[in-house]
Every structure is written in C-alpha cells, then in structure tokens.
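A short worksheet on the structure shown next.
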Amino acid sequence: MNVRITDLGNHRSMDKTGEATSQDVPEGRHFLGSARLPDGHPSKRLLRIDPLPDGYRPLIRGHSRDRINKLQQAISGSPDAHIHMPHTGIRLFPPKAFQSKERTRRVIDELVAPYPNRAKRSVKRVIYRGQAWYIAALMMRTMPEVCICWNGVRGHRRLFMDVAQDLGLTHLYMEESPIPGRITCDLAGVNFENSLPRRMDFYRAWQGMSGIDAQAWRDLSTQLVARQTVHPYTAQEQRDISGEGKYIFCPLQVPTDSQVVSFGGRFKSMKTYVQELCDAAQSLPRGWHLRIKEHPSSQVTFQDIIAQNASKKLKLDNKTDTFLQVKHAQSVMTLNSSVGIQSFYFDKPVMTLGQAFWDFGGLAEHLPTGEALRDALATPDRSWFSASDRDAFMNYLTFAYYQVEQDVADGKISLNDIIMQASKRDALLEHVLREERPAGQTADTMV
C-alpha cells in the first residue's frame, strides 16, 4: 500500500481552498498524535472482527417502526433464522456464567446516574440488573453469532448491546445518518461512539487512494430536505431572509434525543444549553445576531426562555426552512445536530458544543467551555474550515462508511460486507499508525 501521510505536527489554519494560512489555530483543533489519546479511542482502535460463518444465527432487537425492523431483517442476511427480541422482561437471578459482568455493571451505573433521588436510583438499578440478566439468559439460550440493534445507546437497547459485548458476541449498531439516502451500520457504536477515526491523515490517505473526485460527495446536496414539522409553532416556509443581517444559525435538537442525553458533553439538558446560548448571544458585536430554530419534531418548546432573553442579538425563527437559514448564515453553531454536518454542503463554518464525531481537523471547531463560546461569538468572523479536509471526510462517509438505505432494504448489503468494510478501515488505520509510531511499537487493538 503506497500511501503518503500528511504531517499534522505543524498546527496552522486553512482557508476555504484547503491551503494553509499563517493564522494561529487554537490548541486542539487538529489531531495531535495518537499517543495523547486513550486506549480504545477510535483513532487508535482496530476492530479486527472475523467474518460470520455460513448459516449464522442473528438476534435482532425489535423496534416499534416497521421500516426499521425491515432494514434490520434485511441486513441480517438470514430471513428464516432471525429472532426478534421481545419486550424486555426481568430475571430475578443471573444465569450461570453471567454474574453482572464489568461492562454491564458500568452501563447500569450510567443508566441510573441521571436520577437525582438515591432511592429511585436504587430501584432502577435493581430493575436494570434484572433486565440485563433476562437479556443474557436469552442470548445464552439462543446462541446467536451476531446481535443487531437500532441505536443501542440508551435504556433497554443499551443493555442489549452491552450484554452482547460482555458475552463476546459480534454486534451491529444501526441508525439514521446525516447523509441523504444513507443509514449507519457500525460494529462499534453510533454517533460519537462510532468507529470512525478522529484523525485527518486517515481520511486524506483514503482520498488519495480512492480515485474518487474530491467533490463527488456534493452530488447528494440536492437531496437535502428539511425535516417535516409536527407542531404548529414550527414550519419550513420558503421566504427571503437575505436582508435580515449577519447571524450564526443555531438549530436546536429534541431534548430526549440520545445525541443530547448521551453526548451532550457538559450540557445535561437542552434547557441549560438554550439558556447558555441566550446569555452568550450578548457577546456578539453590533450588527450580528444568534438565530435559533427549535427542532420540528420536539414535544417541548423553549420559546419562553428565548422570549425572556429577547434582544437585537437573539432571534427565534421557527418558521423559515432550516436549510434556507443555513444558506444565509455566516456560520452554524450546534450541540451535535446532523444539521451541523449537513452545513458542510453549504460551505459554512460550523461550531460544536457537545460531543460530535466530526469536529476535528479542519472540519469544524469545538467549543469546550463557556469562555470558548463567548470568545467565538465575540469574534464571529474568525470561523474557518478546510475544504480539502471536508472533501476527504465527506467522501469517505458517502462512499465507504454509510450504506445506501435502498441497497440494505433490497438485501444487496450483508453483514459480512460490513465486516469487510471494517477490515479495510483497520488496514488503512494500521498503516497510518505504523507511519506515526516509533519502530518496534505495536498498534493498539480492541476486539
């Protein structure tokens, strides 16, 4: 494999053409080397999963939506053998050889942590433990070679996938994707916990080998459609907002979404996030405003909080089409919404405040503290990104990572195809690590 790896040791910003500039880049915007990252981090992790044998038995965690169940059945490759997980029951004692293993104990601790009342935490811990034992007993009885689950980040679904890992079973996470017409199929996790390396040299190396035109990913931009609204206080109207001044667009997310609950970073709720945005908006210079739109599917509105903080520097626009607001924005700010990565199609600088898998290198800027947020708003023109980094990253997502949903539904993509895809990723990542680490040092692995 003849790959030229780009040296990221010289931390310089890049303009929209991808050329390096002399402007200083704050520490942390670029990948600093895997030695500084913890074991198990996607930038060091090699999955090394063996192909499934002929006639393998999958265990599918059923879903309430028929579309999702059909996609899970199709990817399983065994329509006559799949087993749907029933509603999670409770077992009063652990099955033999499963005494609440370490991973399961850890995930139960995480699941009960949000409850402020100690008594309620104790009760929920007993319930989750009984459910974990029930899931373990089912898996040990059916002996599946692979467990499949949609999302698998919270509640019973999280238990399902972590018990599978405790038992050493291959597991496949499925989820929506921010790329039109694609879905996520990942052997490690979804969203911030997915298997994608957080280092640009990996994507630059892949782009150099792929033979795919750097701009190919942009062809899907015409398929971007704003999410349909379900409440009268939101809409997707087309109207002229080009004369409404300079603004940073902030699309909100559903408060109960796993992206918020599990990957909100320092924000424990969407309410605290909205309040901090309202307070920080006052840092904007004259002539700028923070433009907020609530999620079209949210059952909760934050109009009262935003109204209490209303000023020339803060505006709520729940009516204008989401992507029209992105188009006219100077930049986009989000916790970790898919609108953030979709803003790449509009060549917008993007800032994240939560945990996002796409805010490293020259892709987007992460703001880890309130001070960083206020500084960013005080100097809104400083926003930047690297077009070449985005080209390599988005091409990889579009053509090597996410799966075409119709192909999955039609049975054209198998589980072993996903495993083969992961093997190719492992091979390239191992090459990148080999180029970086000292002679004689072995790559970090995770099975």
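The values are calculated or read from the model by the stated rules, or taken from the named source; none is laboratory data. Remember, it's a predicted structure, so these values are computed and weren't measured experimentally. Positions of Cβ are generated from backbone atoms using ideal geometry, with glycine treated the same way; all protein chains shown enter the neighbour counts. Heads up: the accessible areas ignore ligands, DNA and RNA and are worked out on the full protein's heavy atoms, side chains in. Shrake-Rupley method; radii C 1.70, N 1.55, O 1.52, S 1.80 Å.
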task: Consider A74 carefully, then state whether it is touching a residue at least 12 places away in the same chain (Cβ under 8 Å) and either more than 22 Å from A188 (Cβ to Cβ) or under 27 Å from the mean Cα position of the chain (by Cα) (or both).
output: yes
- prompt: Of (1) surrounded by fewer than 22 Cβ atoms within 10 Å (Cβ to Cβ); (2) part of a helix (DSSP H, G or I); (3) modelled with pLDDT of 95 or more, Q342 satisfies all except one. Which?
  reply: (1)
- prompt: Taking the condition of a type in the set (D, E, K, R) and under 28 Å from K124 (Cα atoms), does D166 pass?
  reply: yes
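Yes or no, residue by residue, for (1) within 25 Å of D201 (Cβ to Cβ); (2) touching an Asp or Glu at 6+ places or on another chain (Cβ under 9 Å); (3) open to solvent by less than 50 Å² (accessible area, probe 1.4 Å):
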{"site": "G361", "(1), (2), (3)": "yes, yes, yes"}
{"site": "A376", "(1), (2), (3)": "no, yes, yes"}
{"site": "D381", "(1), (2), (3)": "no, no, no"}
{"site": "D389", "(1), (2), (3)": "yes, no, yes"}
{"site": "M394", "(1), (2), (3)": "yes, no, yes"}
{"site": "A409", "(1), (2), (3)": "no, no, no"}
{"site": "I418", "(1), (2), (3)": "yes, yes, yes"}
- request: Could you please find all residues in region 139-172 being within 23 Å of G354 (Cβ to Cβ) and touching a Ser or Thr at 6+ places or on another chain (Cβ under 7 Å)?
  value: N151, V153, R154, D162
Restricting region 235-259 to residues that are more than 22 Å from P180 (Cα to Cα) and surrounded by 16 or more Cβ atoms within 10 Å (Cβ to Cβ), the residue that is nearest to the chain's Cα centre (by Cα): P255
- prompt: If you take the residues of region 197-211 that are part of a loop (DSSP other than H, G, I, E, B) and under 24 Å from the mean Cα position of the chain (by Cα), which of them is surrounded by the most Cβ atoms within 10 Å (Cβ to Cβ)?
  reply: R199
- prompt: Before we move on, is G370 open to solvent by less than 20 Å² (accessible area, probe 1.4 Å) and within 18 Å of the chain's Cα centre (by Cα)?
  reply: no
- prompt: Can you name the residue in region 345-354 that is of a type outside the set (S, T, Y) and surrounded by 20 or more Cβ atoms within 10 Å (Cβ to Cβ) and is also nearest to V153 (Cα to Cα) among such residues?
  reply: G354
- prompt: Name the pairs: first residue in region 262-289 and at positive phi, second residue open to solvent by 10 Å² or more (accessible area, probe 1.4 Å), Cβ to Cβ under 8 Å, at least 6 apart or on different chains?
  reply: G265/Q355; G265/P368; G287/G245; G287/K246
- prompt: Out of region 170-190, which residues are under 26 Å from A226 (Cβ atoms), in contact (Cβ under 8 Å) with a residue 40 or more places away in the chain and among the β-branched types (V, I, T)?
  reply: I179, I183, T184
query: Residue check: is W217 surrounded by 22 or more Cβ atoms within 10 Å (Cβ to Cβ) and of a type outside the set (D, E)?
result: yes
- prompt: Which pairs do you get when a residue that is within 9 Å of P296 (Cα to Cα) and among the acidic types (D, E), found in region 228-242, comes within reach of a residue that is open to solvent by 70 Å² or more (accessible area, probe 1.4 Å) and not in a loop (DSSP other than H, G, I, E, B), reach meaning Cβ atoms under 8 angstrom, with the pair 6+ apart or on two chains?
  reply: none
- line: Per the list (1) open to solvent by 40 Å² or more (accessible area, probe 1.4 Å); (2) in contact (Cβ under 8 Å) with a residue 40 or more places away in the chain; (3) under 23 Å from the mean Cα position of the chain (by Cα), residue check on T222 breaks on (2)
